[in-house]
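Structure record follows, encoded as structure tokens.
The values are calculated or read from the model by the stated rules, or taken from the named source; none is laboratory data. The structure presented is a predicted model; accordingly, all values stated were derived computationally and were not measured. Heads up, the Cβs are rebuilt from the backbone with ideal geometry, glycines too, and the neighbour counts pull from every protein chain shown.
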Amino acid sequence: MLQGNRFFPANLNAIYSEAIMNLKIPFAIISQALLASLALVAVESATAAVNSNVPPSVVVIQAVQRPGTTYMDIDYRVNDPDDATVQTAALAFVNGGTSLSNVIKISTLVEGTSTNIGSSTPANVTRRLTWNVVADWNTNFGNVQVEILAKDGRGLLPFHWITLPPNALNPEITINDRPIYDADLLPIWYWLIATYEPAVQLVNGQILGVGGSYSSNLLAEGTSTTILGRWFLWERFNIRSASGSEITRAKAGRYGFQSVDKYSVSRGFKTPDRIYAWGSDSFGAVDIASSLESVSATSIALGTAFTLLLSDDGITAWGVTNAGQTTIPSNATNVVAIAAGHAHCLALRADGKVVAWGLNSDGQTEVPSELSNVVAIAGGVYHSLALQSGGTVVAWGQDKFHQSTVPSDLNGVVAIAAGNSHNLALKSNGTVVGWGDNTHGQINVPPNATNVVGIAGGFNHSLALKADGTIVVWGDNDSGQLNLPPNLSNVVAIAGGFDHSLALKADGTIVVWGPNNYGALDVPSGLSGIDLIGVGCMAHHVVVVDKRTP
């Protein structure tokens, strides 16, 4: 609940103009000041229908700039009939804006008035702040506004909890009766900035995490909060984003929710997986779906300009939709693995069946009717692969380079990977077999590719991970995708993109090499603790997941 009172002092422009002309101050020409009050209130009512505590309200009595100075005297009063003291803070905004990019931190309170604001401000008493505007706002011209914020002992968000009873399939859950949107969170960021919260900093209109697991991560900018920013706040409030299944359950019953959607929250924080994406953002391929704020991810598949993510809520897709690749079929249920080609998708169900959708220009989504007992899948650009439980491989789709013609003697396979028009198979003895297009030597497996435990296919290059944590690469190197970084070791997973390569190390850090035409090498600063990496031989982007497990 937000309450405010705005007051415009009379003839303010004339007063400020006179002050500036007399002093000839080049730094801050203040033509207008808006004094506003903002009361931050939250009511939590899990069991009680009525909370008798009256929220504080702020009244700005006057705002006067002293003639011939850059000092602004702000007299305010917090009215609260049932609290002797309240917590107060102050912020300034440039040119009437309501965005984080308009915020000025009020740091320089002079003449001892800094004691008139803070954690134990007396209620029902007039207090004065004297702000040296120029010290905190060194621009040449503009309007400045001041907001006084106040809160009592309640939290910063309005929670009205509704408990859903357990049933045969689901445990008891408690969900807020209304979603929490970005507009609800913006005043919280204002409060954290104004109260000098050490875990965040405001830099050029962006709020960044400081220290801990959110260090250097973007939490909010403009008027929007990022997914990481929500997680940051949810941890503090001991809440979490409601999962898709919980939202469906809440909608199905008559529980009295005001509304329930992807911005709804549940009581009791759990550590959600963190999803990071960077590189080419064609068609929103790296715009992480907001519905993934509270999921447990198990697999990531990357197409040319789209992303698939498998979680406990099923498959989520985002990015380009021109071939229907982000429209999940209704029979893609109980899925245990996913894969993607250029514009087609594959899903492996728990019953060993494969579901395919998206572009079908070469029959790449026409799953053989007799295919069963599948344990792994892979997507080439225009073809598809499946590994069966007996160690045999089935391929379908484009066969221009015989990529869909599986070698007749291939058996004992434990893993598969696909590139543009070539394939790799890892055998149980740690050796690798390749077939299909060999224009760039991408199926010429080097002799040192022994004791292999993992394989990956890029567009026209190949990678193998050895048991000792080192990588062997071969194939096309026109963009440096085979130029392994010096001393790369302790690798636990690999992936190949269109012309870049990626390695996940045992310490959870990511190493990417190749060209940076699409920003694939721009790994976010402070990124660590990664558990899953996205796979896609046509991908110009990178998606990874930190499962935040101990």
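N438 - would you say it is over 27 Å from A305 (Cα atoms), assigned by TED's automatic domain parsing to the domain that holds L482 and of a type in the set (S, T, N, Q)? Considered against the rule, which asks whether it is over 27 Å from A305 (Cα atoms), assigned by TED's automatic domain parsing to the domain that holds L482 and of a type in the set (S, T, N, Q), N438 comes out as no.
Matching residues to (1) within 16 Å of A194 (Cβ to Cβ); (2) touching a helix residue (DSSP H, G or I) at 6+ places or on another chain (Cβ under 8 Å):
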{"site": "F93", "(1), (2)": "yes, yes"}
{"site": "S114", "(1), (2)": "yes, no"}
{"site": "I117", "(1), (2)": "yes, no"}
{"site": "T121", "(1), (2)": "yes, no"}
{"site": "V125", "(1), (2)": "no, no"}
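Under the condition of being buried (at least 19 other Cβ atoms within 10 Å of the Cβ) and in contact (Cβ under 8 Å) with a residue 40 or more places away in the chain, the residues counted in the range 222-233 number 7.
Here are the criteria: (1) touching a Ser or Thr at 6+ places or on another chain (Cβ under 9 Å); (2) in a loop (DSSP other than H, G, I, E, B). Tell me which single one P171 does not satisfy. Unmet condition: (1). Mind checking whether some residue in the range 341-349 is out of contact with any helix residue (DSSP H, G or I) (no Cβ under 7 Å at 6 or more places or on another chain), more than 30 Å from E235 (Cβ to Cβ) and modelled with pLDDT under 95? Among the residues of the range 341-349, not one is out of contact with any helix residue (DSSP H, G or I) (no Cβ under 7 Å at 6 or more places or on another chain), more than 30 Å from E235 (Cβ to Cβ) and modelled with pLDDT under 95, which makes the answer no. Of the residues making up the range 379-391, those that are part of a loop (DSSP other than H, G, I, E, B) and surrounded by 15 or more Cβ atoms within 10 Å (Cβ to Cβ) are G380, V381, Y382, G391.
Note on the range 184-206: residues that are over 20 Å from the mean Cα position of the chain (by Cα) and charged (D, E, K, R) amount to 1.
Can you pull out every residue in the range 122-151 that is among the hydroxyl-bearing types (S, T, Y) and at pLDDT 95 or above?
Within the range 122-151, T126, T130 qualify.
Among residues of the range 82-110 that are under 15 Å from V134 (Cα atoms), those with a Cβ under 8 angstrom from a residue that is acidic (D, E) and assigned to a strand (DSSP E or B), sequence gap 6+ or separate chain, pair up as L91/E147; A92/E147; F93/E147.
Within the range 65-81, the set of residues being of a type outside the set (A, V, I, L, M) and at pLDDT 90 or above comprises Y71, D73, D75, Y76, R77, N79, D80, P81. Of L185, L219, L192, all but one fail to be crowded, with 20+ Cβ neighbours inside 10 Å, among the hydrophobic types (A, V, I, L, M, F, W, C) and assigned to a strand (DSSP E or B); the exception is L219. Those strands (runs of 3 or more DSSP E) of the range 498-549 in which 2 or more residues are farther than 17 Å from T307 by Cβ and not hydroxyl-bearing (S, T, Y) occupy 501-505, 510-513. Considering D476, D468, the condition of being modelled with pLDDT of 95 or more and in contact with a strand residue (DSSP E or B) (Cβ under 8 Å, 6 or more places away or on another chain) is satisfied by D476 alone.
Of the residues making up the range 215-260, those that are closer than 17 Å to V545 by Cα, out of contact with any Gly (no Cβ under 7 Å at 6 or more places or on another chain) and not polar (S, T, N, Q) number 6. Filtering G244, G256 for residues that are surrounded by fewer than 18 Cβ atoms within 10 Å (Cβ to Cβ), farther than 25 Å from Y190 by Cβ and touching a residue at least 24 places away in the same chain (Cβ under 8 Å) leaves a single hit, G256. Each residue in the range 250-262 was checked for being of a type outside the set (A, V, I, L, M), modelled with pLDDT of 90 or more and touching a strand residue (DSSP E or B) at 6+ places or on another chain (Cβ under 8 Å), and 1 of them qualify. For N420, the stated conditions hold: it is under 23 Å from T321 (Cα atoms) and in contact (Cβ under 8 Å) with a residue 60 or more places away in the chain.
Restricting attention to the range 261-293, the residues that are in contact with a Gly (Cβ under 9 Å, 6 or more places away or on another chain) and of a type in the set (S, T, N, Q) total 3. Out of A340, A395, one residue alone is in contact with a strand residue (DSSP E or B) (Cβ under 6 Å, 6 or more places away or on another chain) and closer than 24 Å to A285 by Cβ. It is A340. Within the range 197-216, count every residue that is outside any helix (DSSP H, G or I) and at positive phi. Going through the range 197-216 one residue at a time, the tally reaches 4.
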